[in-house]
C-alpha cells in the first residue's frame, strides 16, 4: 500500500462527499486559509479527490476509537480519550543571546521531551528553511561550534534533518511509537514549471486565477531539491520514519492555494495586486484534508 497510496491522479468527484466539510462550519480555520470566506469565486477546486490504487476515506469516529487512550502529536481536540497535540515550532533549539536568535543545527529543542511520550509522531518541515529577511527564523546558525550569519538553505536543512533523524533513532522506542514524516509541500510561483513543452511563455508570476489541477500523474517541473535531502536522510535512518510522500500529488494542485483570497490581504490589495498572491499555503477546506486522509490510511491500513 505504501507505493500505491501516493501514486495516482486527481479526479473530479461531483458527489456530496467533497468537500469533507464547509468552511462556515469550521470556526478554527485561520483567516489566511479561509478562501471561500474571503471571496474566492470558484468552488471547483473543492471537488477533486486523490485516486490511487488503495485509499480509505477518513472516519473521525473510527480514528478516535482506534486511538483511545493514546497520545498523537498532531492537531485537533477530542472527548474520546485521545490526547492530540500540535507543536508549531522548529525541531531544533533556537536560543536568544543578546537579542539575537541562534539556530543550533546539532541540538533538538526542548519539545523533544514531550515527543518521547507520544504513541504517534508526525513531523514535517520545508518552507521554514528557505525564508529570508524578516521571515527568517534565526539571526545566526551554530554548527560545529562556529556561528554563521547566513548559510546555504539546503546545507542547513540537511544538517537539521540529520540531527532530527539521529535524535529519533536514539530516543524513540519504535516498538511503542509510530513515526511519520510528511514530505515537503510545494509552491506554485512559476507557471513555466507546469507549462513545460508549451510554446507560449507564461507572463503571470504565480498561481493567480488557477482553477483546476494539472492533469496526469506526474508534475512536469523539477523535483524539489529539499525533498532529495529528506529522502536521503530518512533512508539512512536505522529505523526509517514512514514518509508521507505528499510532494508530487500536491505539486499537481496549482489551483489549491489562497492566491489573493486570504484574510491576510485587504479588499483593495485583492482587487489591485494579484502579484502578491499566496501560492505557498493552501485553502481550507482543500488539499490538506487529503493529506489527513493519507495519514489516516497509512496509520490504520
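According to a simple spin-label model (label point 7 Å from Cα along Cα-to-Cβ), what is the distance in nm between residue 190 and residue 42?
About 2.3 nm separates the two model spin labels.
Rank the residues 237, 161 as a footprinting-exposure proxy: fewest other Cβ atoms within 10 Å of their Cβ go first.
Numbers: 237 17, 161 25.
Ordered from fewest to most neighbouring Cβ atoms within 10 Å, 237, 161 come out as 237, 161.
Let me test this: with uniform point scatterers at the alpha carbons of the stretch 237-299, what is the Debye-based log₁₀ I(q)/I(0) at q = 0.16 1/Å?
Here log10 of I(q) over I(0) equals -0.64.
Restricting things to alpha carbons, find the Rg to Rh ratio for the stretch 156-301 using the Kirkwood radius for Rh. Don't skip to the answer; put the middle values down first.
Working: Rg = 18.0 Å, Rh = 17.3 Å.
Over the Cα atoms of the stretch 156-301, Rg/Rh equals 1.04.
By how many nm would the segment from residue 232 to residue 51 grow when fully extended, if each residue of separation counts as 0.36 nm and the alpha-carbon distance is taken off? All intermediate terms of the calculation are to be shown ahead of the outcome.
Working: separation 181, 0.36 × 181 = 65.16 nm, distance 2.71 nm.
Between residue 232 and residue 51, full extension yields 62.4 nm more.
How many angstrom separate the Cα center of the stretch 244-264 from the Cα center of the stretch 136-176?
27 Å
For the pair residue 28 and residue 139, how long in nm is the line joining their label points, each one 7 Å along Cα→Cβ?
It works out to 3.5 nm between the two label points.
Using the count of nearby Cβ atoms within 10 Å as a rough guide to exposure, how do 254, 70 rank from fewest to most?
Working: 254 24, 70 14.
The most exposed by this proxy come first: 70, 254.
Coordinate-derived values only; no laboratory data. These figures come from a predicted structure and were not determined experimentally. Don't worry about glycine lacking a Cβ; one is built from the backbone with ideal geometry, like all the others, and counts go over all protein chains shown.
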